[in-house]
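A.B. asks: Take a look at the following structure, please.
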Amino acid sequence: MSDVMQDGEATPGDGTIPGDTSTLTKKDFTSDQEPRWCPGCGDYAILSSVQGFMPELGIEPHKTVFVSGIGCSGRFTYYMDTYGMHGIHGRAPALATGIAVANPELSVWVVTGDGDGLSIGGNHLIHALRRNVDIKILLFNNQIYGLTKGQYSPTSEEGKVTKSTPFGSVDHPFNPIALALGVEATFVARTMDNDRQHLTEVLRRAAQHKGTAFIEIYQNCNVFNDGAFDLLRDKAQGKHNQIRLEDGQPIVFDDGERCVRVGENGRYEIALTSETSPESIVVHDAHGRPSLPFALAHLSKGPDEPSCIGVFHEVERPVYGQAIQHQLQAATERLGAGDLGKLLRSGDTWTVE
Amino acid sequence: MTKGVQERERIVVRFAGDSGDGMQLTGDRFTSATAVLGNDLATLPDFPAEIRAPAGTVHGVSAFQIQFASRDITTPGDHADVLVAMNPAALKADLETVAKGGVLVLNEDSFTQRNIEKAGYTTDPTQDGTLDGYQVFKVPMTSITVRATEDIGIGKKEAERAKNMFALGLVSWMFGRPTETTINWLEKKFGSRQEILDANVAAFKAGYNFGETTELFAESYKVDAAPQEPGTYRNIAGATALAWGLIAASERSGLPLFYASYPITPASELLHELSRHKNFGVITIQAEDEIAAANIALGAAFSGQLAVTGTSGPGVDLKAETIGLAVIMELPLIVVDVQRAGPSTGMPTKTEQADLLLAMYGRHGESPLPIVSASTPAECFTAAIEAARIAVRYRTPVILLSDTFIANSSEPWSIPDVESLPEIDPAFATPNGPDFLPYSRDERLARPWAIPGTPGLVHRIGGLERQDGTGNISYDAANHELMTRLRQAKIDGIADDIPRLDVDDPTDDAQLLVLGWGSSLGTITAAVARARSEGRKVATAHLRHLNPFPANTGEVVRAYPKVLVPEMNMGQLAALLRARYLVDVQSYSKVQGVPIFTEELEHEITRLLDE
């Protein structure tokens, strides 16, 4: 396989100078397919940010694969001028696992949604996170089923009135960040569709991470769930309600007016900074035990309360594909390269003259 | 004392005992010794789904049957000539499998009042006339084993566990099997645990010597080696042959083998076997579920590997949507279905051929794919290579059908030269212009296989309908019809690229064609041979490609006044043949979780011919 993936192989019609990745631009990652989301959809902003960010990675489009499932987010794949695989509902993490394990040289990205990734595909998501496959998972959370025209999703708040829940949803929602931390994901972050700078910064750290990165992106569905994240997304309100996590920094927000402190029973709570002694303000540590980010994930019940954004957790653990390759190498060193003729003749044989 | 030796052409031996008695191992070792001796053979492991059903009950009986002969044989035999029963439950469960007048070797120590009752007997079957008409040999296997291992210094419990080796030794003597094969194997297996090794060897030798020296057995039997073509042979089970066939396909295509699977009886053996061969570059992944296994494999196929997912019927149900995705993505993916009995969980350790229509039609929309099937344990090797060849050549998922019977049973196999195996050309797409068309087609309608990492071939594929040529999403009505017909035509076209259906009709004027597929080959061959020896004119043919059928299949089924299709299902191939060729084929159907018996089928052949 390696003979078709050599670095810098000259190819007619590719348009780029082989091996030179410094000239990559957003255009190199933009396909000729016209995006077909609803006007005003948060997906446009995410697409634009991702296309704009990819050149920075210095990985050529042909070494990049986007994988998606079903739902509005699923179309993302077609708009990236990279290799792409648009699979069936919920299975993108499994497809991506196969792609990444088979060829560890590739940069593999999964685009999924709250229905695709947390409902029908929940099993694959948690197992990808557990294994720590080298894939980056972008979960567009709009707290609604958009493509099927407005049913509640596994992240919709309790009481949500939708077409399938005219009397309000009685389901308790997932907390995606807590879920990812619970299955010991090695990189867990949250960002927002319309904050290009923050989104790009999170993508940058995710791309550098070795293993599975899980990024929840609050994404506005302006047709079926408009305004779900206004408290955080809206410029004026967001200023007061976004709790931006910065490594090693005390967690303060709302122009320094409020902070996160350790309250009674060790629970984290929001307090006025002026009424809190500096030593009881929580200092963010993304590289430590998952209990701190887990508590931060539970600071709010949902995006209608002040909530954390940024990188919650970022730790190192053996990467699944690499561990597999090591086993292959170790087995070959120990047993010698496989000899089929010898294998077929192993054990008891007899010869008829 | 000199004992008589009776010559036999063929013998069927059945070992039966508790699940924990090691009967499969005993049968397996007896098979190895028999193979080395040059007999032709066929085996039938028959075990319960429960790992350890309550000891001493009929539910917990595990059996292993082997037929071996000095001539070509094709089935494990309808009835046992010799039954070795380690306890009353084994006798109760398997007595009906023994031919009248057959030999019963019973572990006398286990026939206690308690065990007799546990087996469901009200009185002692060895005393009450139940066994009249059989030759009964009662051997205190447990106590002799314990005595034979006394000096080794292991506990009584450990010693008792070696009683299966005593039984093996005794039966090895009865049939003149070589002892070295078994002793060498024991040394290899228990080499590091000296006491266990010594106990097993002692028990084995005690059994062998018991046969030779006691007056209980007046004679032993001799079955000469069967004539075989020159070559080097080994005994091989279907599961191993299939795994090695996949490794061979990997080697002959230059594509790394990538196997993703979820544990399921009886397909787990494939996962186990492939996992052992990492030095061949084989990647095995135990996925979180059946659906994941299929998708992980499909992702690997996109990345340019020889991608395989293996399962049994319930897993195929779960993988259906992903197989459909592979159909529309037109990527090579091998799906192995080791069929087992029944709907739902059914009878996981029993055999059946009832997934043919599932393989054929078990997906939504028009989603045709090729189906290849293996007919004998050794044939699993070539069937795996053939499935890989078709998958890679045509960029399509292929379903490879095996079943519990051939996966678990074994037969002698003339080991092929690696160089003689077919080569498979992956023919990856290479850039040849500015506008790559991922859904352009070659002369056999296969599309390019362009793998990520290749410059100049960047493209997107997915489950939405593709536009012809560009592969872009298309909802165009005419394009959908075109693509549907193209996908069908691609699969139909494979008919020109597979061997024609070979008919065996020695007199050329047979009145009946027996047409089969899959593991009923052995029974069909044996039953037809018997019918012919009675002067009946019968032709046979066997399908190894179930979709598409070989190009001459219609011609063949129309050429005979009567066509009989024996299957371990309710007539699935018969239904396909009737629908496709408008021929009134007769179905012979058996769904008991065991292979069709030769005499049953012979009877049906005679009945149809006399009708």
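Any read-out appearing in this document is the output of simple, stated calculations on the displayed coordinates, not a laboratory observation. The shown structure was predicted, so the numbers you read here are calculated from the model rather than taken from an experiment. Cβ atoms come from the backbone with ideal geometry, glycine included; neighbour counts cover every protein chain shown.
A.B. asks: Which order do peptides A:319-330, B:412-423 fall in by mean Cβ count within 10 Å, highest first?
C.D. replies: Highest-to-lowest ranking by the protection proxy: A:319-330, B:412-423.
A.B. asks: Another question, if that's okay. Please report how far the C-alpha centroid of the stretch B:223-298 lies from that of the stretch B:420-449, rounded to the nearest whole angstrom.
C.D. replies: 26
A.B. asks: Still on this structure, please answer the following. Excluding residues on the same chain fewer than 8 positions from B:K562, give the lysines whose Cα lies under 17 Å from its Cα.
C.D. replies: Excluding near neighbours in sequence, the set is B:K537.
A.B. asks: Going toward the positive end of the dipole of chain A, with +1 on Lys and Arg Cβ and -1 on Asp and Glu Cβ, which of A:P104, A:L125, A:C308 do you reach last?
C.D. replies: So the residue we want is A:L125.
A.B. asks: Right, next: Would you mind calculating the relative contact order of chain B from Cα pairs under 8 angstrom and at least 6 residues apart, reporting the percent as a whole number?
C.D. replies: Once divided by the residue count of chain B, the mean separation gives 12 percent.
A.B. asks: Peptide A:77-83: average number of partner chain Cβ atoms within 10 Å per residue?
C.D. replies: Other-chain Cβ atoms within 10 Å of each residue's Cβ, averaged: 4.
A.B. asks: Still on this structure, please answer the following. If I stretch the segment between A:V161 and A:Q329 completely, what's the gain in nm (0.36 nm per residue apart, minus their alpha carbon distance), one decimal?
C.D. replies: Once the chain is fully extended between A:V161 and A:Q329, it gains 54.9 nm.
A.B. asks: Can I ask one more? Non-local amide H neighbours of A:V111 (under 5 Å, H modeled in plane, Pro and chain starts lacking H): which ones?
C.D. replies: Hits under the 5 Å cutoff: A:V67, A:S68, A:G69, A:L138.
A.B. asks: I need the peptides B:243-255, B:493-505 ranked by packing, meaning the mean over residues of other C-beta atoms within 10 angstrom, with the highest value on top.
C.D. replies: B:243-255, B:493-505
A.B. asks: Student exercise: in the stretch B:4-222, how many lysine pairs 8 or more apart or on different chains have Cα atoms under 24 Å apart?
C.D. replies: Step by step, the pairs that qualify in the stretch B:4-222 add up to 27.
A.B. asks: Shifting gears a bit: Tell me the label-point distance for the pair B:E158, A:A337, using the 7 Å Cα-to-Cβ offset, in nm and rounded to one decimal.
C.D. replies: Roughly 4.4 nm, to one decimal.
A.B. asks: Another question, then. With the contact rule set at Cα under 8 Å and sequence spacing of 6 or more, what percent relative contact order holds for the stretch B:427-497?
C.D. replies: So the answer I get is 28 percent.
A.B. asks: Net charge around B:N107, counting only other residues with Cβ within less than 11 Å of its Cβ (Lys, Arg = +1; Asp, Glu = -1)?
C.D. replies: Taking every Cβ under 11 Å from that of B:N107, the sum is -3.
A.B. asks: Suppose every Lys and Arg Cβ carries +1 and every Asp and Glu Cβ carries -1, with no other charges. What dipole size does the protein assembly as shown come out with about its Cα centre, to the nearest 20 debye?
C.D. replies: The calculated dipole for the protein assembly as shown is roughly 460 debye.
A.B. asks: 5 Å is the cut-off here: which amide hydrogens, built 1.01 Å from N in the peptide plane, fall below it relative to A:R91, excluding neighbours closer than 5 in sequence?
C.D. replies: A:I70
A.B. asks: Let me ask you something else. Enter the angle in degrees (range 0 to 90, nearest 10) between the Cα long axis of helix A:196-208 and the first principal axis of the Cα atoms of chain A, meaning the one along which they spread out most.
C.D. replies: Here the helix axis deviates by roughly 40 degrees.
A.B. asks: Using the Karplus curve 6.51 cos²θ - 1.76 cosθ + 1.60 with θ = phi - 60°, work out ³J(HN,Hα) for each residue of the stretch B:183-199 in order, rounded to whole Hz, and write x for Gly and Pro.
C.D. replies: Per residue, the Karplus-derived 3J(HN,Hα) values read 5, 4, 5, 4, 4, 5, 6, 10, x, 7, 10, 3, 5, 5, 4, 4, 5 Hz.
A.B. asks: Now for a different question. Could you order the peptides A:344-352, B:510-518, B:280-288, B:145-153 from most to least packed, using the average number of other C-beta atoms within 10 Å per residue?
C.D. replies: B:510-518, B:280-288, B:145-153, A:344-352
A.B. asks: Calculate the dipole size of the stretch B:4-222 relative to its Cα centre from +1 charges on Lys and Arg beta carbons and -1 charges on Asp and Glu beta carbons; express the result in debye to the nearest 20.
C.D. replies: So the magnitude is around 360 debye.
A.B. asks: So, one more: Return the sequence-ordered ³J(HN,Hα) values of the stretch A:77-85 in whole Hz as given by the Karplus equation 6.51 cos²θ - 1.76 cosθ + 1.60 applied to θ = phi - 60°, using x for Gly and Pro.
C.D. replies: 3, 6, 9, 9, 8, 10, 5, x, 9
A.B. asks: From a point 7 Å beyond the Cα of B:E215 in the direction of its Cβ, which residues of the stretch B:124-143 have a backbone N at a distance under 18 Å?
C.D. replies: In the stretch B:124-143, the label zone of B:E215 (backbone N under 18 Å from the point 7 Å along Cα→Cβ) covers B:136-140.
A.B. asks: Let me know the charge dipole size of the stretch B:269-373 about its Cα centre in debye, to the nearest 20, where only the beta-carbon of Lys, Arg (+1) and Asp, Glu (-1) is charged.
C.D. replies: The calculation lands at about 260 debye.
A.B. asks: Taking a cut-off of 30 Å between Cα atoms, list the lysines near A:K27, but don't count ones fewer than 8 places away on the same chain.
C.D. replies: The reachable lysines, counting only those whose Cα sits under 30 Å from A:K27, are A:K63, A:K136, A:K210, A:K235.
A.B. asks: May I pose another question? What is the stretch B:4-222 by shape, rounded, prolate or oblate, if you read a ≥ b ≥ c off the alpha carbon gyration tensor as root eigenvalues and call it rounded for a/c under 1.5, prolate for a/b larger than b/c, and oblate otherwise?
C.D. replies: Rounded, because the longest to shortest axis ratio a/c is under 1.5.
A.B. asks: Follow-up. Just checking the output field for B:273-283: average partner chain Cβ neighbours within 10 Å of each residue's Cβ?
C.D. replies: 5
A.B. asks: What shape does the stretch B:502-573 take by its C-alpha gyration tensor, where a ≥ b ≥ c are the square roots of the eigenvalues and a/c under 1.5 counts as rounded, a/b above b/c as prolate, and the rest as oblate?
C.D. replies: oblate
A.B. asks: List the GluC sites (Glu not before Pro) in the stretch B:178-237 that DSSP assigns to loop (not H, G, I, E or B) and whose Cβ has at most 10 other Cβ atoms within 10 Å. Which are they?
C.D. replies: B:E215
A.B. asks: Give the order of A:H209, A:H198, A:H124, A:H62 when sorted by the count of other beta carbons within 10 angstrom, beginning with the fewest.
C.D. replies: A:H198, A:H209, A:H62, A:H124
A.B. asks: Relative contact order, percent, of chain A when contacts are C-alpha pairs under 8 Å separated by at least 6 residues?
C.D. replies: 14
A.B. asks: Further question: With unit charges on the beta carbons (Lys and Arg positive, Asp and Glu negative) and the dipole taken about the Cα centre of the stretch A:233-291, which residue among A:Q242, A:T273, A:C259 sits farthest to the positive side?
C.D. replies: Ranked along the dipole, the leading option is A:Q242.
A.B. asks: Tell me what chain B gives for mean residue ellipticity at 222 nm when only DSSP H runs of n ≥ 4 count, each as -39,500 (n - 2.57), the sum divided by the residue total, rounded to 500 deg cm²/dmol.
C.D. replies: -11000 deg cm²/dmol
A.B. asks: Another question, if that's okay. For the stretch A:251-308, which trypsin sites (Lys or Arg not before Pro) pass both filters: DSSP loop (anything but H, G, I, E, B) and at most 11 other C-beta atoms within 10 Å?
C.D. replies: Answer by residue number: A:R267.
A.B. asks: Among B:S589, B:V557, B:A575, which residue has its Cα furthest toward the positive end of the charge dipole of the stretch B:503-610, with +1 on Lys/Arg Cβ and -1 on Asp/Glu Cβ?
C.D. replies: The one lying farthest along the dipole's positive direction is B:A575.
A.B. asks: Same structure again: Going by amide H atoms built from the backbone, whose H comes under 5 Å of the H on A:T186, apart from near neighbours?
C.D. replies: The list, which skips near neighbours in sequence, is A:T212.
A.B. asks: To continue, here is another question. Spelling out what I want: for every residue of the stretch B:163-178, take phi, set θ = phi - 60°, compute 6.51 cos²θ - 1.76 cosθ + 1.60 (Karplus), and round to whole Hz; glycine and proline get x.
C.D. replies: Taking θ as phi minus 60°, the curve returns 5, 5, 6, 4, 4, 5, x, 4, 5, 4, 5, 3, 10, x, 7, x Hz for the stretch B:163-178.
A.B. asks: With the Cα gyration tensor of the protein assembly as shown giving a ≥ b ≥ c as the square roots of its eigenvalues, does the rule (a/c under 1.5 for rounded; else a/b larger than b/c for prolate; else oblate) give rounded, prolate or oblate?
C.D. replies: Taking the square roots of the gyration eigenvalues as a ≥ b ≥ c, the protein assembly as shown is prolate.
A.B. asks: Quick check on the exposure proxy: order A:Y83, B:Y233 from fewest to most C-beta atoms within 10 angstrom.
C.D. replies: Ascending Cβ contact count within 10 Å gives the list B:Y233, A:Y83.
A.B. asks: For the stretch A:156-262, which GluC sites (Glu not before Pro) pass both filters: DSSP loop (anything but H, G, I, E, B) and at most 11 other C-beta atoms within 10 Å?
C.D. replies: Passing both the DSSP loop test and the Cβ count: A:E257.
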